[in-house]
Amino acid sequence: MSDITIIPTLVSEDQLAKHLQRDDVAASSQAIVAAAEEKARQRQHPKGSQTARERIAFLLDDNTFTEIARFSGGDMNRGDIGSAVITGFGRINDRPVAVYAQDFSVKGGTLGEVEGRKITRLMSEAMRVRIPVISLLDSGGARIQEGVAALAQYGKIFKATSTASGVIPQISVILGPCAGGAVYGPALTDFIIMTKKSSYMFVTGPGVVKAATGESISSEALGGGNLHNAESGVAHFLAEDEHEALDYVRAILSYLPSHCEEKPPVYHFEEDDITRELAQNVGKLVPESPKQPYDIVKVIESLVDHGEFLEIQPLFAQSVVIGFACFEGQPVGIVANQPLHDAGTLDVNASEKAARFVQMCDAFSLPIITLVDVPGYRPGSEQERAGIIRRGAKVITSYATASVPLITIILRKAFGGAYIVMGSKSLGADINFSWPSTQIAVMGADGAVDIVYRKELKAAKEKGEDLEAVRTHYQKLYERESVNPHLSLHKGELDSLINPEDTRLAICHSLSVLQRKQRPERSPRFHSNAPV
């Protein structure tokens, strides 16, 4: 065999120069990013805040963030990092997500044309691949120097957010100021998370309020986390700090699918002695007297897997409780009256709170479990003036149009219109149960006796009989003849009476039966004209 001569591959000087140039560019870009991050730390850390990149790193699984359009709007020759927002993709619990974080260390995090383009591009890509969008907001608002161009970008973000609504989950985390028109961006998303000390949302800031009305007010009092969680209902979670706020994002996503046509995640579950014992004793948590309060959250925790219940808006409209939990590993949404607050009555705020949650669950295919113990709507002229008719109708619309599995359990009482709207059979619930001792009627015995037996009471008074004894007699008669759950059972408004200790088992069996429930085809109409 002849000798084989190996000829080395020659690299031209031009090719070598280009290769070295690429390395120089990469090194230069990394140096610019590092310098910008150090500058951001110097500005943010003294305020007790993290930088935008630190927030992203904490939120996402380790080493999964891929940034896009990093230097858009910047000038590397001048060491300019570019825009005041960081956009990209990553993973949370190994599921892909899109995330953008406003960078307050760059131009106060203000939004201009470049920032708007980066955000809308990210949202467009998220819609294309059907993954959730998480926004970390910390901004001074629209960039004044860019005028209407900046305002137009907000409009485009609002449009993109509205288009994505109900298609992919959208979560907003307020980690600094969010003012002016910017507040409507997070208001359009599914969930808003705020912190106790450093996040603010207001349409007009304290300075504008002072100039316009003469009122002196702090940012915290005007639009802090406590106000929007407890009073306005704008926010859904109030975190102690930034890290807890980002932990809430991970918790929320653990119950939701990545998009509307995907089923929610299902987790492995093995029932243990603690779960069985809690479910067996749930009846002991509910007093027999319909007027005695109790904590419905403890009832929920006794029914769900491992006692784990993620309550949503716990500080707002507390007469109704909403949140996520699992039954045998299957995520569900739970709506329940809270007798511990205002006897569990429905008012304008409780109605809107429940309605939007039911609507969200229906959008993302989560079955809805409704636990009912409601004396009715809250009476009074204040509620009428606040629009209880219009705003209370939102609960009706949300339940009546929901096509996910709907399971309702009446625990103690359900009266009047509130009985109807809390997931009744007539509104489309699939399976309705009741505990044996519940009261279901147009109204409670106290009020009904004065109407139904007014002639008998009048006659007893004229005869000088013991009016209280007569009233008690007719109350018991009314409860026996008109409030007994067997009447609802015979009319088909209930499917079965169940003992309290069988409640969890009944829910689990119902979910198993309804897991193949077919959702209807799209309606030929454009959309309904619901009382939004």
What is the P(r) of the range 436-532, as percent of Cα-Cα pairs per 10 Å bin from 0?
13, 24, 21, 21, 13, 6, 1
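Quick one: length gained pulling A230 to V532 fully straight, 0.36 nm per residue minus the C-alpha distance?
This chain segment gains 106.6 nm when fully extended.
Computed over the Cα atoms of the range 389-449, what is the convex hull's projected area averaged over all directions, in nm²?
So the mean shadow area of the Cα hull is 4.7 nm².
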Could you check the spin-label model distance between H509 and F269? Points 7 Å from the Cα along Cα→Cβ, value in nm.
1.6 nm
Note the direction-averaged projected area, equal to a quarter of the hull surface, for the Cα convex hull of the range 228-279, in nm².
6.5 nm²
If I compute semi-axes √(5λ) of the Cα gyration tensor in Å from the structure I just sent, which labelled value in (i) 55, 28, 19; (ii) 42, 30, 20; (iii) 41, 26, 21 lines up?
(i)
Nearest 10 degrees is fine. How inclined is helix 13-44 to the longest principal axis of the chain, computing both from alpha carbons?
40 degrees
Would you kindly compute the Cα radius of gyration of the range 364-414 and its largest Cα-Cα separation (Dmax), both in Å?
13.5, 38
Could you provide, to the nearest whole Å², the per residue accessible area of the chain with probe 1.4 Å?
49 Å²
Distance cut-off 24 Å, Cα to Cα: go down the list K413/K491; K156/K197; K298/K517; K353/K517 and report the pairs above it.
K156/K197; K298/K517; K353/K517
Starting at 0 and stepping by 10 Å, how many percent of the alpha carbon pairs of the range 130-191 end up in each bin?
23, 53, 23, 2
Grab the Cα-Cα distance for I144 and S426, subtract it from 0.36 nm times how many residues apart they are, and report the gain in nm with one decimal.
96.2 nm
For the range 262-303, the Cα convex hull volume per residue in Å³ comes to 95 Å³
Sorted from largest to smallest, which semi-axis lengths in Å does the alpha carbon gyration tensor of the range 184-301 give for its equivalent ellipsoid, taking the root of 5 times each eigenvalue?
38, 23, 13
Whole-angstrom gap from the range 181-195 to the range 347-400, using each part's C-alpha centre
21 Å
Net +/- balance of residues flanking P520 in space, Cβ distance below 15 Å, scoring K and R +1, D and E -1
+1
The chain - percent of accessible surface contributed by carbon and sulfur, probe 1.4 Å:
53 percent
When the charge dipole of the range 236-281 is computed with +1 at the Cβ of Lys and Arg and -1 at the Cβ of Asp and Glu, the Cα pointing farthest to the positive end, of Q280, L238, Y255, is that of Y255
Using only the alpha carbons, work out the radius of gyration and Dmax of the range 238-345 in angstrom.
15.5, 44
Please compute the length gained on full extension between E67 and R91, using 0.36 nm multiplied by the number of residues separating them and subtracting their Cα-Cα distance.
7.4 nm
Long-range amide H partners of G323 with built H, under 5 Å:
I312, I334
Take the alpha-carbon centre of the range 223-294, take the same for the range 433-467, and report the distance between them in whole Å.
39 Å
Apply the Karplus parameterisation 6.51 cos²θ - 1.76 cosθ + 1.60, with θ equal to phi minus 60°, to every residue of the range 456-470 and state each ³J(HN,Hα) to the nearest whole Hz, in sequence, with x for glycine and proline.
5, 5, 5, 5, 5, 5, 5, 7, x, 6, 5, 5, 5, 5, 5
Using protein chains only and a probe of 1.4 angstrom, how many square angstrom of S496 are accessible, to the nearest 10?
40 Å²
Can you work out ³J(HN,Hα) from phi for every residue in the range 151-162, in order, using Karplus 6.51 cos²θ - 1.76 cosθ + 1.60 and θ = phi - 60°, giving whole Hz and x for Gly and Pro?
4, 4, 5, 4, x, 5, 5, 4, 4, 5, 5, 5
Consider a paramagnetic label point 7 Å from the Cα of N499 along Cα→Cβ; state which residues of the range 416-453 have an amide N under 18 Å from it.
433-438
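The values are calculated or read from the model by the stated rules, or taken from the named source; none is laboratory data. The model shown is predicted, which means the values in this text are computed figures rather than measured ones. With ideal geometry, Cβ positions are generated from the backbone for all residues, glycine too; neighbour counts draw on all protein chains shown. Ligands, DNA and RNA are stripped out before the accessible areas are found, and what is left, the full protein with its side chains, is counted by its heavy atoms. Shrake-Rupley method; radii C 1.70, N 1.55, O 1.52, S 1.80 Å.
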